[in-house]
Each structure stands twice: as structure tokens, then as C-alpha cells.
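Engineer: A single structure is presented below for examination.
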Amino acid sequence: MVKNTSRIFIIAEVGVNHNGDIEIAKQLVDLAYEAGVDAVKFQTFSAEKVVSQQSLQLDMLKKLELSRQDHIELNDYCREKGVIFLSTPFDLESIDFLKSLGLEIFKIPSGEITNLPYLRKVGSLNKKIIISTGMAELEEISKALDILVASGTAKEKITVLHCNTEYPTPFKDVNLLAMLTIKNTLRVKVGYSDHTLGIEVPIAAVALGAEVVEKHFTLDRTMEGPDHQASLEPSELKAMVESIRKIKNALGDGIKRVSPSELHNREVVRKSIVASREIKKGEILSQENITAKRPGVGISPIEWDRVIGRVAKRCFKADEAIEV
């Protein structure tokens, strides 16, 4: 039997699509909650600690920062709405800050998968961990897992997300089956962080066994910012969540059985052995005088060989169900 009892954990990735505005961030939380997601995720960083002073990204990232007070406010706001607040830390101080907020799940971004001090610090917290693997080879993922476990986090608490970091990701580069390679080779729970356009790939990931799905969303794809273009708009996010919930329900438990909804169809579409013409009492039943027709209320044609050669105990009209 295939276990299929856990709910798919869906993360609505705001990231920096709030453009540094706490009110837009709250509006996105509202819309994510209405869409039915389990968590809303932001990004926690100090631009000057993430990139060098010479980086062309510095000015852009400064505009996208949320203050510590913004984080506290958003954490409280998510709690009030009944949705989990998550945020990805991009530096060591941000890890400590998110710990102080009481986060029970830590999300490691693709870019930190080779950052030993970072991995050790997150691993030492012994919290649930979700780690993205964009740009990573299988060996690098395995090494990161070893570091997290050695630092104090049980492997059972870690979920590895297959990911491609190109925004948007071309379909030919998704390589969704790699998620199964990660699962089967590393013996770990898996999920999928999506950067493709549309909702098809996340839904396919669930069908393949993803336990966690992460997807960027925005108020409007035409807004200025680095991630808006590859993000879902609110109506699309809701459609994705609804589709994932339906697909999860449709996967079932893997046991082949007759479902209650189709049981009544048996008599309608299956067949019974009937007389193909009038049969007299004492006549030998043969392929010349019997056939199989609907409905399936009499002897099943799977019993054909058992019926052939028997003596008719009474007369049968054409199309009458045979009794032996």
C-alpha cells in the first residue's frame, strides 16, 4: 500500500514582491490566505551583509529590505490570519533574528547550500528545515544534508526541494524527475520550488510525490521588481492551490479496489451469459446457442468454460440469462 495521508504543504512565496512596503506585504498575506495556502514566505536579509559594496545588486536589495519591526508585524499578522509565517534568512544574523521570532520551520535558499557556517548554524537549531537545491549537483545536496544532520537536525525533519533558479525556468530545463532521484538516492522527503510560468509543473510535482510546493506570487506581474514576472497573480495562485488539493485527493492510497461511486456501474456495463436463440430443455449449451450481453446480472462470461457443455435444465428464450 502507498501512504498518502499527509497534506501537501503549499508555500506562497512573496519573497521581495512587496517592494519593501509593509502594506503590500500584508495585502499579499490576505490574498495567500484566501487562496488556501499553508504558509507565506518572505526574505530576511541585510543588503550590506549579503552583497559587497561593489555589487550592482546593493542599491536594489536595500529598497527591498523589510525592517526587523516589519518582520515582527508580519509574523503577528500571519498568526492572526491563521497562516504560517516563514522567511528565508540570507545571513547569520538573520538566522538568529528569525529564531527569536519563534519560527519552527527554516527555509534554506539555493544560494546557501554550499555555505558551511550557514548550514551549521541552521542545523544546530534542530528545527524543521526546507532546503532548495537550484544550481546544485546531487553530491552537493548530499553534503549539505550531512552537515545539517551532523549539526543537530534529524534527517526526518528535512525536506529537499528540487529547484531551478532561472526566472522564469524554461520547461525543458525543469527536469522534474530529478526530484525522484533526490528522494530515492538520498532517502529524504522531497518537494518542488517552482519558477516556471503557469501552474502545470507544481501540479505535476505533486502527482510525482512532492510533499512541499513553493511558488512565487505577486499582486501584479507588471510591477517593478526582480521576481514579479515569474510570479503568479492571486487568481492563479488560488487555481494552483485548488488543483493541488484535488490532485492530492485523487492520488488515493494505491490499493486497486472498486470505488463506491462506480459500484452501481457493474450491472450496467458488465455482461452475463444469455441465450443467443431459443434453447429447449435438455439441449447442450454451446457457442452456437449462448452469448454474452449486458446487463451483468446473471452468470459472468468469465465462467464461460464452466457453462459450455452443460445441459439446459429448462427452456430459455433468446436473450434470457442462462442458469445452470
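The values are calculated or read from the model by the stated rules, or taken from the named source; none is laboratory data. Bear in mind the structure is a predicted one, so any value in this text is a computation, not a measurement. Cβ placement follows ideal geometry from the backbone for every residue including glycine, while neighbour counts extend to all protein chains displayed.
Engineer: So, Ile129, is that one more than 30 Å from Lys26 (Cβ to Cβ), at pLDDT 95 or above, of a type in the set (A, V, I, L, M) and outside any loop (DSSP other than H, G, I, E, B) or not? Let's see the steps before the verdict.
Structural biologist: Values: more than 30 Å from Lys26 (Cβ to Cβ): no; at pLDDT 95 or above: yes; of a type in the set (A, V, I, L, M): yes; outside any loop (DSSP other than H, G, I, E, B): yes.
Judged against the criteria, Ile129 is not a match.
Engineer: Shifting gears a bit: Any idea which of Arg245, Arg257, Arg270, Arg294 is touching a residue at least 12 places away in the same chain (Cβ under 8 Å) and closer than 30 Å to Ala210 by Cα?
Structural biologist: Values: Arg257 fails: touching a residue at least 12 places away in the same chain (Cβ under 8 Å); Arg270 fails: closer than 30 Å to Ala210 by Cα; Arg294 fails: closer than 30 Å to Ala210 by Cα.
Of Arg245, Arg257, Arg270, Arg294, the one residue that is touching a residue at least 12 places away in the same chain (Cβ under 8 Å) and closer than 30 Å to Ala210 by Cα is Arg245.
Engineer: Restrict the check to segment 291-301 and report whether at least one residue is at pLDDT 95 or above, assigned to a helix (DSSP H, G or I) and surrounded by 14 or more Cβ atoms within 10 Å (Cβ to Cβ).
Structural biologist: Taking segment 291-301 as the starting set, the residues that turn out to be at pLDDT 95 or above are 291-301.
Remaining after also requiring assigned to a helix (DSSP H, G or I): 301.
Next cut, surrounded by 14 or more Cβ atoms within 10 Å (Cβ to Cβ) only: 301.
Yes, there is a match, as at least one residue in segment 291-301 is at pLDDT 95 or above, assigned to a helix (DSSP H, G or I) and surrounded by 14 or more Cβ atoms within 10 Å (Cβ to Cβ).
The rows are residues; the columns are (1) out of contact with any Asp or Glu (no Cβ under 8 Å at 6 or more places or on another chain); (2) touching a residue at least 40 places away in the same chain (Cβ under 8 Å); (3) among the hydrophobic types (A, V, I, L, M, F, W, C).
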position	(1), (2), (3)
Phe45	no, yes, yes
Glu48	yes, no, no
Val51	yes, no, yes
Gln57	yes, no, no
Leu66	yes, yes, yes
Gln69	yes, no, no
Ile72	yes, no, yes
Asp76	yes, no, no
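Engineer: Scan segment 110-126 for residues that are crowded, with 22+ Cβ neighbours inside 10 Å and in contact with a Phe, Trp or Tyr (Cβ under 7 Å, 6 or more places away or on another chain) and jot them down.
Structural biologist: Val122 - this is the single residue of segment 110-126 that is crowded, with 22+ Cβ neighbours inside 10 Å and in contact with a Phe, Trp or Tyr (Cβ under 7 Å, 6 or more places away or on another chain).
Engineer: Restricting to segment 198-233, what's the tally of residues that are assigned to a helix (DSSP H, G or I), of a type outside the set (Asp, Glu) and at pLDDT 95 or above? Give the steps one after another, and end with the answer.
Structural biologist: Of segment 198-233, the ones assigned to a helix (DSSP H, G or I) are 200-208, 228-230.
Remaining after also requiring of a type outside the set (Asp, Glu): 201-208, 228-230.
Of the ones still in play, those that are also at pLDDT 95 or above are 201-208.
Total satisfying the criteria: 8.
Engineer: Looking at (1) over 30 Å from the mean Cα position of the chain (by Cα); (2) in contact (Cβ under 8 Å) with a residue 40 or more places away in the chain; (3) farther than 28 Å from Lys155 by Cα, which is the only condition Glu93 fails?
Structural biologist: Every condition holds for Glu93 apart from (3).
Engineer: Answer with yes or no whether Lys107 is buried (at least 22 other Cβ atoms within 10 Å of the Cβ), modelled with pLDDT of 95 or more, charged (D, E, K, R) and under 28 Å from Leu186 (Cα atoms). Full working, then the answer.
Structural biologist: Details: buried (at least 22 other Cβ atoms within 10 Å of the Cβ): yes; modelled with pLDDT of 95 or more: yes; charged (D, E, K, R): yes; under 28 Å from Leu186 (Cα atoms): yes.
For Lys107, the condition - buried (at least 22 other Cβ atoms within 10 Å of the Cβ), modelled with pLDDT of 95 or more, charged (D, E, K, R) and under 28 Å from Leu186 (Cα atoms) - is met.
Engineer: Okay, moving on. When only residues in segment 234-261 that are in a loop (DSSP other than H, G, I, E, B) and loosely packed, with under 10 Cβ neighbours inside 10 Å count, which is nearest to the chain's Cα centre (by Cα)? Walk me through how you get there before you give the answer.
Structural biologist: Here is the first cut: in segment 234-261, the ones in a loop (DSSP other than H, G, I, E, B) are 252-261.
So of that shortlist, the ones also loosely packed, with under 10 Cβ neighbours inside 10 Å come out as 254-261.
Numbers: Gly254: 17, Ile255: 21, Lys256: 23, Arg257: 25, Val258: 26, Ser259: 24, Pro260: 26, Ser261: 26 Å.
In this case the residue turns out to be Gly254.
Engineer: Here are some residues: Val37, Val83, Val16, Val29. Which one is surrounded by 20 or more Cβ atoms within 10 Å (Cβ to Cβ), touching a Gly at 6+ places or on another chain (Cβ under 7 Å) and over 25 Å from Arg120 (Cβ atoms)? So that I can check it myself, show each step before the final result.
Structural biologist: Working: Val37 fails: touching a Gly at 6+ places or on another chain (Cβ under 7 Å); Val83 fails: touching a Gly at 6+ places or on another chain (Cβ under 7 Å); Val29 fails: touching a Gly at 6+ places or on another chain (Cβ under 7 Å).
Every option except Val16 fails the conditions.
Engineer: Please go through (1) surrounded by fewer than 13 Cβ atoms within 10 Å (Cβ to Cβ); (2) under 26 Å from the mean Cα position of the chain (by Cα); (3) not in a loop (DSSP other than H, G, I, E, B) for Asp305 and return the number of the only condition it doesn't satisfy.
Structural biologist: (2)
Engineer: Taking segment 269-290, which residues are small (Gly, Ala, Ser) and either outside any loop (DSSP other than H, G, I, E, B) or touching a strand residue (DSSP E or B) at 6+ places or on another chain (Cβ under 9 Å) (or both)?
Structural biologist: As a first pass, look at segment 269-290 and keep what is small (Gly, Ala, Ser): 272, 275-276, 282, 286.
Matches in segment 269-290: Ser272, Ala275, Ser276, Gly282.
Engineer: Can you tell me how many residues in segment 163-198 are among the aromatic types (Phe, Trp, Tyr) and surrounded by 14 or more Cβ atoms within 10 Å (Cβ to Cβ)? So that I can check it myself, show each step before the final result.
Structural biologist: Taking segment 163-198 first, the residues among the aromatic types (Phe, Trp, Tyr) are 167, 171, 192.
Subsequent filtering for residues that are surrounded by 14 or more Cβ atoms within 10 Å (Cβ to Cβ) retains 167, 192.
Selection size over segment 163-198: 2.
Engineer: For the structure I just gave you, tell me whether Ile131 is touching a strand residue (DSSP E or B) at 6+ places or on another chain (Cβ under 6 Å) and buried (at least 20 other Cβ atoms within 10 Å of the Cβ).
Structural biologist: On the way: touching a strand residue (DSSP E or B) at 6+ places or on another chain (Cβ under 6 Å): yes; buried (at least 20 other Cβ atoms within 10 Å of the Cβ): yes.
The answer is yes for Ile131.
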